[in-house]
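So the structure is just underneath, and the comments pick up after that.
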Amino acid sequence: MKICDSHLHSEFSSDSSTPVSAVIEKAIALGLPKVCLTDHYDIDFVIQDESDPTMDFKLDTPRYLACLKEMSELYKDKIDVRFGVELGLMPGIEEKVRNYVSKWPEYDFIIGSTHLVRGLDPYYPSYYEGRSSKEALREYFECILTSVRTFDDFDVYGHLDYIVRYLPGGEKDYCFKDHADIFEEIFKVLISKGKGIEINTGSLYKKMTFPHPHIEALKMYKAMGGEIITVGSDAHVTDYICYGFETVVRDLLTSLGYKYYTTFKNRKPEFNPI
Ligand SMILES: [Zn+2]
Ligand SMILES: [Zn+2]
């Protein structure tokens, strides 16, 4: 059975213009039995580039969920469409996130992600100014640790070392060992809360040599007893749906000793044989 994609963006995300129907049709063409869309919602996002105010990462949730309902009905004989969201998490929005998630019980799956650190997006060079990559990485991971401790309204934490995509010196500036202590804490909290992580292949089509998180992080998660692990391409265009799943991800999960990967329905994990 094909590995299903649980991290996908459509035109409901500020940074994608792909119609929901195109995402679903591509998933059907790839032979997936189910698929989960996870459009962006970053509550209180700080617009980074004033010249482009459309990049606010707001989500028109009523319209988004209505569209997903309509599409899931339309395609129900061909594929099981799941309703997901990628929520940007950061200190100060805990109550807003709680209220949002309790307001929309329609969601099957919620990815929690760190996109901003002190109001800065590591996508932009200003985040790295005046400090080493090691310091920039450290602050990003500390931010994730704070989020996994303070938030409960998510199922898996997204793209744990996503910042590596944008390091000024690229992935060679990333040494997992320098941050292994923080990863250990992050995994301890996630596992004790019954939450999981994802393997995110967005890095592979951005020319990195490993998916998020680094294989050493995945080894640590497995050794600590982490069992909940979803798989997502983070595709914003249909070409990247399931990118690397049947090659890199299948080999990686098998070599790590996983017999299952996870999908979510009604916020509950399902374990699918690999
Ligand atoms: Zn993200
Ligand atoms: Zn994403």
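The values are calculated or read from the model by the stated rules, or taken from the named source; none is laboratory data. Being a predicted model, the structure only gives us computed values, none of them experimental. Cβ coordinates were reconstructed from backbone atoms using ideal geometry, including for glycine residues, and neighbour counts include every protein chain displayed. When the accessible area is computed, the model is the full protein with side chains, heavy atoms only, and any ligands, DNA or RNA have been set aside. Shrake-Rupley method; radii C 1.70, N 1.55, O 1.52, S 1.80 Å.
With protein chains left intact and a 1.4 Å probe, residues in the chain average 43 Å² of accessible area per residue.
Classified by the C-alpha gyration tensor, segment 169-274 has an oblate form. Its axis ratio a/c, with a ≥ b ≥ c, is 1.5 or above, and a/b does not exceed b/c.
The distance between label points at residue 77 and residue 265 comes to 2.0 nm (points 7 Å beyond Cα on the Cα→Cβ vector).
Based on DSSP H segments of at least four residues, each scored -39500 (n - 2.57), the chain has a per-residue ellipticity at 222 nm of -9000 deg cm²/dmol.
Dividing the mean sequence gap of close Cα pairs (under 8 Å, 6+ apart) by how many residues segment 20-273 holds gives a relative contact order of 16 percent. In the chain, the portion of solvent-accessible area held by carbon and sulfur atoms comes to 52 percent [1.4 Å probe, whole percent, DNA, RNA and ligands not counted]. Remark on residue 114: its backbone amide H falls under 5 Å from those of 89, 158, a criterion applied only to residues 5 or more positions apart or on other chains, H modelled at 1.01 Å from N.
Residue 59 exposes around 20 Å² of accessible area when a 1.4 Å probe is run over every protein chain in place. Rounded, prolate or oblate: pick one for segment 20-273, where a ≥ b ≥ c are the square roots of the eigenvalues of its C-alpha gyration tensor, a/c under 1.5 means rounded, and failing that, prolate if a/b is larger than b/c, else oblate. In terms of gyration-tensor shape, rounded.
Partners of residue 96 within straight-line reach, counting lysines whose Cα lies under 17 Å from its Cα and excluding those fewer than 8 residues away in the same chain: 58.
The stretch between residue 25 and residue 98 holds 23.0 nm of extra length on full extension. This uses 0.36 nm per residue minus the Cα-Cα distance. From most to least packed by mean Cβ count within 10 Å, the peptides 18-26, 4-12, 41-49 give 4-12, 18-26, 41-49. Scanning the chain for long hydrophobic helices, with DSSP H runs required to stretch 15 angstrom or more by C-alpha along their axis and to average at least 0.0 on the Kyte-Doolittle scale, returns 180-192.
Computed from the Cβ-Cβ distance with R0 of 25 Å, the FRET efficiency linking residue 15 to residue 180 stands at 0.20.
Percent of Cα pairs in segment 8-155 per distance bin of 10 Å, from zero to the largest separation: 10, 36, 32, 18, 4, 0. For the set 76/193; 69/222; 78/268; 134/268, the pairs lying more than 31 angstrom apart at their alpha carbons are 76/193; 69/222; 134/268.
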